[in-house]
1. Out of the stretch 21-33, which residues are more than 11 Å from residue 45 (Cβ to Cβ) and part of a strand (DSSP E or B)?
2. Residue 17 - would you say it is exposed (fewer than 10 other Cβ atoms within 10 Å of the Cβ) and modelled with pLDDT of 90 or more?
3. Applying the selection to the stretch 43-57, what residues are in contact with a helix residue (DSSP H, G or I) (Cβ under 9 Å, 6 or more places away or on another chain) and over 15 Å from residue 22 (Cβ atoms)?
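The values are calculated or read from the model by the stated rules, or taken from the named source; none is laboratory data. No experiment lies behind these values; they were computed from the predicted model shown. Cβ sites come from the backbone with ideal geometry, for glycine too, and all protein chains shown count toward neighbours.
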């Protein structure tokens, strides 16, 4: 899973929580909060109907 490979050197993954799920045209966009040690990231992942990843962004929160 891509979220397991997020930042290096930030500490162990504490939790990942789904914040939002919305449909954009035919695609689904999921917004997650990923907590690694003391660092928090917002991860947006868009998936097409055939399960291809069409969007991926990772930002510090």
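1. 22, 23, 24, 33, listed by residue number.
2. yes
3. Once the filter is applied, which keeps residues that are in contact with a helix residue (DSSP H, G or I) (Cβ under 9 Å, 6 or more places away or on another chain) and over 15 Å from residue 22 (Cβ atoms), the stretch 43-57 yields 53, 56.
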